[in-house]
Each structure stands twice: as structure tokens, then as C-alpha cells.
Amino acid sequence: MSDAALSARYDFAVSLAQQAGAVAMRHFRRSDGLRIIEKGPQDLVTAADHAIDALIRNAIQSRFPDDGILTEESGGDISAQVWVVDPIDGTGNFARGIAGFAISIAFSLNGDTRIGVVFDPVVEELFVARRGHGAFCNGERMRVSTTATMGRAAVEAGYSRRTSSSDYLALMARLLDAGCECVQFGSAARGLAQVAAGRIDGYVEAHLFAWDVLAGLLLVEEAGGYADPFPLEGNGQKGLPVRACTRGLARQLQEAMNGASDRLDKMS
Ligand code: IPD
Ligand code: CA
């Protein structure tokens, strides 16, 4: 794919994330009620997730009809050039009226994430990266922090019911015993963007999907950090452990994750 074709997709992704953010904000904290459906225990989806999913899917299909699309809410398949989208990451926060969610859009070419855009519409922060071109927040270059010791690190340890509470508690115990400040803000995409911005020093979670993390992982790498590979396979429904952090924390966080990161397939 030419540079011009990638640039066109990058500009498109930025504008699409902003449009999606405007839709999210029209629904956020609406007193006339937001339709919330329980997909599973503590796994919510709202009318806004579906509206944004449709907006993004339709926009990609009409502008780049040959590109594949995989989204959290309407599925899809992996192809050589594919968009991987979470319309709202942090739906639990969004549905409760809590600021702490983001739109996540990635573009992958032959298995390599080339474009990553995460937009937090509440604070209007647009996090963007193109492979080899750096990572930026609202136009300012981002760099991960210089933290290299657990005793100085703030690490987000994400949790979902796709892993056992005992594994999560064991991971938290190892992080706390190593001296980390542990946080859990409820959006992996936004958490990874905070790592890229140098506000926290790492993000770990035992099981996440491609739509949650592809954009955010590229942000961290392009901000000079370390991110575990997240290969796209099959129909894209396979979840994997995620670790993204400063280079100095990579080994220590791997040790903390050991034993708590079984690879699980998405339950239907
Ligand atoms: C969830 C969020 C959460 C993470 C979960 C994800 P959703 O995505 O990213 O932070 O811990 O594993 O499922 O459901 O809000 O799109
Ligand atoms: Ca998600």
C-alpha cells in the first residue's frame, strides 16, 4: 500500500473518531435514558455503542469498500487490510455516566497495525499514531515515562469476567508486593493512551480482544514504550494477555503476569 493510501486512511480515521465522539457525547449522561442491554454479567452495551458501530462501519464501507472491518459490536473477519474498531471502549463507565471511555480505531496491514486512533471525547483528547511516525496527543508528541522500577510505577491492571477473580487477585498481589501503585479505570484503550502519554507507566490485563487494544498498543510503541505483540488470527475473536509499558518495566511486569494470563477464546 502506498504512503498516500495510508495517509488517506489516517486522515479518515482521525475525522471518524471525532464524529464518533460527538455521537457518544450526545448520548452521555442523557436524563431521558440510554437503552442499556446486558450482554453478560457486568458486560454492557448501549444504544450509543450500536449507533457508533453503524456510523463507523458505514463510513469505512463507503470510502474504502475493499477494506475489511472487525468491530466489537458487529463482528467481521480478519483480512490483509482491515479496520479493527471498538465503538466505545469502557462501556461500563459510559453507561453509568462516568467519564472514562474512548473510541478506538486501528488499521492493520498484513498483520501489522499501521494506524491507531483513540479519542476521549469527554476531555477532547485525540491520541494518534502511525507506524514509524511517532505518537501524538492533540498535536503534541507523546513519550512514555522514564519509570523503570516497580516501586515508582503506577500500573493499570484491567479486569473482566473473562478471567477468574483468583487470577486477578494474584496479579494484583504481585503488583502491590512489588511496590506498584495499582489503578483500574475501566477502559483498556484509554488506559493504553495514558501509558503512551507518560501519565501511568504500564497497562496489564490477562485477556483482551483486538478491538480493545490494537490502536492503544501502537500508541505505546510509537511513544517509545514496549508492547507485547497482538497477532490477528482467524475471525479475530481470540483474546490474548496484554502488557504495554515503559521498556524498563517490561521484564518486571512479565514476572508479575506469569501464571495469571491463560489465553482464552471468546465465549459465545
Ligand atoms: C472492556 C474495557 C475494560 C477491560 C475489559 C474490556 P468494553 O471493554 O476495555 O477496561 O478491562 O476487559 O472488555 O466492554 O468496555 O468495550
Ligand atoms: Ca472494549
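Points to keep in mind about this one:
- Residue satisfying all of: in the range 40-88; within 13 Å of ligand 2 (Cβ to nearest atom) and acidic (Asp, Glu); nearest to PHE119 (Cα to Cα) among these: ASP86
- Whenever a residue of the range 96-111 is under 13 Å from ALA17 (Cβ atoms), its partners that are among the basic types (Lys, Arg) and within 16 Å of ligand 2 (Cβ to nearest atom), lying with C-beta atoms within less than 6 angstrom and at least six residues away or across chains, give the pairs ALA102/ARG190.
- Any chance GLN19 is among the polar types (S, T, N, Q) and free of Cβ contacts under 8 Å to residues at least 60 places away in the same chain: yes
- Annotation note: of GLY224, GLY198, GLY179, the sole residue that is surrounded by fewer than 23 Cβ atoms within 10 Å (Cβ to Cβ), of a type in the set (Gly, Ala, Ser), in contact (Cβ under 8 Å) with a residue 60 or more places away in the chain and part of a loop (DSSP other than H, G, I, E, B) is GLY224.
- Some residue of the range 200-207 being within 9 Å of ligand 1 (Cβ to nearest atom), in contact with a strand residue (DSSP E or B) (Cβ under 7 Å, 6 or more places away or on another chain) and closer than 15 Å to ALA227 by Cβ: yes
- Scanning the range 135-163 for residues that are in a strand (DSSP E or B) and surrounded by 23 or more Cβ atoms within 10 Å (Cβ to Cβ) yields a count of 4.
A short reminder: the numbers here are calculations on the coordinates, not readings from a lab. Nothing here was measured: the structure is a model prediction, and the numbers come from that model. Cβ: placed from backbone, ideal geometry, glycine included. Neighbour counts: every protein chain shown.
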